[in-house]
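The values are calculated or read from the model by the stated rules, or taken from the named source; none is laboratory data. Bear in mind the structure is a predicted one, so any value in this text is a computation, not a measurement. All Cβ positions, even for glycine, are placed from backbone atoms using ideal geometry, and neighbour counts span all protein chains on display.
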Amino acid sequence: MLTNEQAKENQKKYGWNELAEGRKKSCITLFLEQFKDFLVIILIISAIISGILGDAESAAVIFLVITMNAILGTVQTLKAEQSLKSLKQLSAPEAKVVRDHAVIQIPAKEVTIGDEVLIEAGDCIPADGKLIETASLKVDESALTGESLSVEKNLEDVPENAAIGDRTNQVFSGSFVTYGHGRYEVTAIGMNTEMGKIAYLLKNTSEKMTPLQKNLDDFGKKLSIMILILCGILFILSILRGDNILNAFLFAVALAVAAIPEALSSIVTIVLSFGTQKMAKEHAIIRKLQAVEGLGSVSVICSDKTGTLTQNKMTVEDYYIYPKRISVSELNFENDSEKELLISSILCNDGMITDGEQIGDPTETALLAVLQEKKYIEYSFSDVRAACPRLSEIPFDSDRKMMSTENKCDGRYVIYVKGAVDVLLKRITHIRKYGSEKPELINEEDRLYIEKQNLEFSREGLRVLAFAYKELDAEKELTLEDENNLVFLGLIAMMDPPRQESKQAVKECIKAGIRPVMITGDHKVTAAAIAKRIGIIKNESEACEGAVIEEMSDEELRTFVEGISVYARVSPEHKIRIVRAWQERGNIVAMTGDGVNDAPALKQADVGVAMGITGSEVSKDAAAMVLTDDNFATIIKAVENGRNLYQNIKNAIQFLLSGNLAAILSVLYASVVNLPVPFAPVHLLFINLLTDSLPAIALGLEPHTKAVMEEKPRPMKESILNRKFLTDISVEGLVIGIMTMTGYFIGYSESGALLGSTMAFGILCTSRLIHGFNCKSRKPILFTKKFFNNPYLIGAFGMGLLLITGVLMIPGLHGIFQVAALDWQHLLIVYGLALLNLPVIQGIKLIRVGRV
Ligand code: ATP
């Protein structure tokens, strides 16, 4: 064991316990990467050539615009990376170590050589080390050895050169505890662990693209090909018309750069990563970006009961010793029968209370807390435990639904067992009745009586544990066989009230077209009572036990799940089948889990949700999202965020694509009717590379609305670029294109191509800035508060307007940006036509979707 001082020294000496990450890209690399786009390279080459041939000014401006765009891109990428990094830190694994004689929980990164680490089922092993204590310890080392079966660990010596899989007295970082518990001393950390030695295999695993990013990437590629062909045709047409080849080429490339929406998928990353910051503040930490999209389409949420829908603040309410129900206030420690039950609840228990703080499973600490509160200090649990030391144990697991310990009390060897009532009753042969010293054979009537009492407790929504014991002739290592022929001691019933916000969250969930399903290890009647209270079910026929589905084929289960909203006495295996059945019915399923065995179900679900407080490290590792408050209502809030983020991304895409389309349509039209091209290359670059990306990102940061929760979940398979969306884009692109060309005609007919193209440039740029407001919503919002509720968009608009006005008004810039000086009438026309987009597009929205 280390002292805190020694730990600090060791940390200084050996560094942090972490694997070296793949080399991070530097700012400069990120900046240079912004130039690696094929078209940008061509553009630079063409600019250089045109510079050499005498047009140094436009070459310089093109460089300037591209550089500023690259700076903008670098800043955005850095910010997105930073927010993802801080998110990762939030969900970093933790470890329990003993320092200065106290058990403390620290980030796994701070574990150091010499630390004594406590591990139990569900924990990830934070560093390599040698075991000093084990209790039925089993470890999954598949990440290291590929062996999927758990390895049993013990303290026996192994040969020095044994293979990793055979070193049964050691544990290794990267593996996790599947059963039992233990204690070990750390011998290697970070890159010196066995995992560290193979860590180069894990380096540089980049974040996978989300389905939306893939979808947009595919779309972007197809669109790029079309645009390149179009630009090729325009290039040939210009040459046929006798234009200068280099100019025509530069223009074609500029048009391609402007029209190809290469920023689509990076906009998604930026918006998602900023969105996850907001979600983290609201207690939902996203571990995989895909989850945000998944959340938007979730149609079934399978949730644990204990702690998620309920408070997990267990308080013991009643005791029962055949045939007497005893409330906590009537408890009498002097009575031998009661004392025996209370002592078993202390001994067959891994909970701890230190300085008023409860450590361990709330079910277990509640059993101790009640004794402290009732001031049975003379029977303080640590005294009882010291008087009856534990010799061996079979830990609790949610498959067996019980646990056993073997203790030595007054020279007797006693097994104490506690667990679910129905499970224990099957293993009971004798009973200790109230007031009687000796166990007697249990008969059918006694059993029925106990079951009746269990039912009574459960109907009151109480969670019931049964207690039993058995005396052994001699000390022995406990096996599963020993958990039979037991003597019934009594029941303890505890209350775990629903969380206050659960009822409202369930209501919202149903309104949003999402089916809430409760999955719990608890008794069916208890579960149904709680589910009824919070509105998940109306009557008990909607509840069933896990055993029922055991008999069913997958096909039968698929039909069955529709009618059931509460599954009780469920094992982790049932959970996977339930998720799969809902998925096969075409649903997107979110599933919560906390135990070590829940990892497969969390992985199977579309959005695996782990519990930040009570969840095992393994479940957190398998999950796509971690709830820092373990609260069901947080999942609903996360769904709302997911839906809003998706809508915002969609709005940003609509903004980019409709604006790009307007530019293409204008150029195409001019070319078809044989007019000079309406823009100089630098105009297109200015708009697309400078004034466009900020409003697009601002749209991604649009304030969230509750309205998204009034809609049904979005089908996951539905492409974001569906017909309706593409029609909206085309119509809006056309409107902006018409305004642009109107201005072009006015300028062109008055004084030729330069004034025409200046006005076209001014209108297209300003229209797109104004169009940002159109893209805030599918519905018309012109005279609503929503119009002004996004300060980022207003900022982006102001900045863009300042830039374009500067270019149009500052005489020194005219030559560089190839614009004519505008008098105030022309300037008014530019702003007027650009502004006209607003009522026209809002009017179209009004007709298309109806007024809200
Ligand atoms: P949920 O699945 O909603 O979290 P749960 O906590 O009841 O509910 P499990 O932890 O799998 O689910 O517990 C299943 C059953 O096992 C409980 O209903 C209880 O009867 C019994 N049980 C729970 N905790 C313990 C424990 N520490 N020792 C012995 N038995 C327990």
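Number of residues in segment 230-265 that are of a type in the set (A, V, I, L, M), part of a helix (DSSP H, G or I) and crowded, with 20+ Cβ neighbours inside 10 Å: the value is 12.
Candidates are the residues of segment 290-305 that are within 16 Å of the ligand (Cβ to nearest atom) and not hydrophobic (A, V, I, L, M, F, W, C); the one that is nearest to Val271 (Cα to Cα) is Ser303. Yes or no: Gly832 in a helix (DSSP H, G or I) and modelled with pLDDT of 95 or more? Yes; evaluated as a whole, the condition is true for this residue. Annotation note: Cβ proximity below 7 Å between a residue of segment 448-466 that is over 15 Å from Lys532 (Cβ atoms) and in contact (Cβ under 8 Å) with a residue 60 or more places away in the chain and a residue that is hydroxyl-bearing (Ser, Thr, Tyr) and away from the ligand (no atom under 11 Å from the Cβ) (sequence gap 6+ or interchain) occurs for Tyr449/Tyr322; Ile450/Tyr322; Gln453/Tyr320. Looking only at residues of segment 407-437 that are away from the ligand (no atom under 16 Å from the Cβ) and of a type in the set (S, T, N, Q), we find that the one that is nearest to Arg463 (Cα to Cα) is Thr429. Of the candidates Ile549, Ile530, the single residue that is under 30 Å from Phe176 (Cα atoms), of a type in the set (Val, Ile, Thr), part of a helix (DSSP H, G or I) and over 20 Å from the mean Cα position of the chain (by Cα) is Ile549. A single entry from Leu87, Leu43, Leu118, Leu30 fulfils the requirement of being assigned to a helix (DSSP H, G or I), in contact with a strand residue (DSSP E or B) (Cβ under 7 Å, 6 or more places away or on another chain) and in contact (Cβ under 8 Å) with a residue 12 or more places away in the chain: Leu87.
Being modelled with pLDDT under 90 and either more than 10 Å from the ligand (Cβ to nearest atom) or part of a strand (DSSP E or B) (or both) is the filter here, so list the residues in segment 306-321 that pass it. Across segment 306-321, the qualifying residue is only Lys313. Among the residues making up segment 550-567, those that are more than 15 Å from the ligand (Cβ to nearest atom) and β-branched (Val, Ile, Thr) are Thr559, Val561, Ile564.
What are the residues in segment 514-527 that are part of a strand (DSSP E or B) and not β-branched (Val, Ile, Thr), if any? Selection gives Arg515, Pro516, Met518.
Would you confirm, using the coordinates I've provided, whether Leu602 is under 30 Å from Thr178 (Cβ atoms), crowded, with 24+ Cβ neighbours inside 10 Å and not basic (Lys, Arg)? In short, yes.
Six or more apart or on different chains, Cβ under 6 Å: which pairs go from a residue in segment 384-402 that's aromatic (Phe, Trp, Tyr) to one that's within 16 Å of the ligand (Cβ to nearest atom)? Could you list them? From segment 384-402, the pairs are Phe396/Met403. Could you say whether any residue in segment 777-787 is part of a helix (DSSP H, G or I), touching a Phe, Trp or Tyr at 6+ places or on another chain (Cβ under 7 Å), closer than 29 Å to Ser751 by Cα and not charged (D, E, K, R)? Among the residues of segment 777-787, not one is part of a helix (DSSP H, G or I), touching a Phe, Trp or Tyr at 6+ places or on another chain (Cβ under 7 Å), closer than 29 Å to Ser751 by Cα and not charged (D, E, K, R), which makes the answer no.
Across segment 461-513, the qualifying residues are those that are part of a loop (DSSP other than H, G, I, E, B) and within 16 Å of the ligand (Cβ to nearest atom), and the one among them that is surrounded by the most Cβ atoms within 10 Å (Cβ to Cβ) is Asp496.
Quickly run through segment 403-447 and pick out the residues that are of a type in the set (S, T, N, Q) and touching a residue at least 40 places away in the same chain (Cβ under 8 Å). Residues satisfying the conditions are Ser404, Thr405, Asn407, Thr429, Ser436. Would you check which residues across segment 822-852 are over 30 Å from Lys779 (Cα atoms) and loosely packed, with under 13 Cβ neighbours inside 10 Å and list them? Asp823, Trp824, Gln825, listed by residue number.
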